Amino acid sequence: MIPIRKGQLKNVIHTACVVRLDTGEKQLLSTKGDSYCHFFKPISIEDYNLQLRLDWSDLDAGGHPTLDADFYDVATNKKLRNTGELRPLHHTQTNNPSLRVYEWEFRGYKWPFKVIISWLVIVKESIQVTDSVSCEVFRNDLKVDE
């Protein structure tokens, strides 16, 4: 699979849903404008607001999107730099390149999940029909030649 570029996501993927592997909880992911990301519902952990998203412009070896995490200060809602303990959490790859399964963890909060994609498929079809007819003419039970 090749990376999805700005404005292409809605032409390639119908829906993206995550299923937590520990609870079975499902969440339908959203899109924003021409973004190439699917967005999770924002969450809060301690003094951080977090926005997780699947970045389809940054694929791993298996062709799966990178899980991006943006951290915001809970008091000011200002986006924080990805330094210190936040740096390794900003980009998460799948656990196994052949599966779309992730495990994101921060300060004891674990979120193992799989991603289910409903792809859009464009089918082009061409149908050609030919027909051949022959007939014989009979008059008074006798075949009439031309």
Hey, any hits in region 84-103 for a residue that's free of Cβ contacts under 8 Å to residues at least 40 places away in the same chain, under 17 Å from residue 4 (Cβ atoms) and touching a Lys or Arg at 6+ places or on another chain (Cβ under 7 Å)?
-> yes
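This table checks each residue for (1) in a loop (DSSP other than H, G, I, E, B); (2) surrounded by fewer than 14 Cβ atoms within 10 Å (Cβ to Cβ); (3) in contact with a helix residue (DSSP H, G or I) (Cβ under 8 Å, 6 or more places away or on another chain).
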site: 4; (1), (2), (3): yes, no, yes
site: 11; (1), (2), (3): no, yes, no
site: 16; (1), (2), (3): no, no, no
site: 19; (1), (2), (3): no, no, no
site: 23; (1), (2), (3): yes, yes, no
site: 33; (1), (2), (3): yes, yes, no
site: 41; (1), (2), (3): yes, yes, no
Could you check residue 135 against (1) touching a residue at least 40 places away in the same chain (Cβ under 8 Å); (2) more than 19 Å from residue 16 (Cβ to Cβ); (3) surrounded by fewer than 16 Cβ atoms within 10 Å (Cβ to Cβ); (4) hydrophobic (A, V, I, L, M, F, W, C) and say which number it fails?
-> (1)
Matching residues, region 87-103, being surrounded by 14 or more Cβ atoms within 10 Å (Cβ to Cβ) and either within 14 Å of residue 54 (Cβ to Cβ) or among the charged types (D, E, K, R) (or both) = 90, 91, 92, 93, 94, 100, 101, 102, 103
Of the conditions (1) touching an Asp or Glu at 6+ places or on another chain (Cβ under 8 Å); (2) within 23 Å of residue 95 (Cα to Cα), the single one that residue 7 does not satisfy is (2)
Only residues that are closer than 23 Å to residue 5 by Cα and among the aliphatic types (A, V, I, L, M): list them for region 33-58, please.
-> 52, 54
For residue 131: the one exception among (1) over 21 Å from the mean Cα position of the chain (by Cα); (2) in a strand (DSSP E or B) | (2)
Can residue 84 be described as closer than 16 Å to residue 117 by Cα, at pLDDT below 95 and surrounded by fewer than 16 Cβ atoms within 10 Å (Cβ to Cβ)?
-> no
Per-region count, region 43-83, residues farther than 26 Å from residue 96 by Cα, assigned to a loop (DSSP other than H, G, I, E, B) and either in contact with a strand residue (DSSP E or B) (Cβ under 8 Å, 6 or more places away or on another chain) or touching a residue at least 24 places away in the same chain (Cβ under 8 Å) (or both) = 7
Residues in region 115-130: is at least one touching a Lys or Arg at 6+ places or on another chain (Cβ under 6 Å) and closer than 30 Å to residue 49 by Cβ?
-> yes
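The values are calculated or read from the model by the stated rules, or taken from the named source; none is laboratory data. Since we're looking at a predicted model, the values are computed, not measured. As a convention, Cβ positions derive from the backbone with ideal geometry for all residues, glycine included, and neighbour counts pool all protein chains shown.
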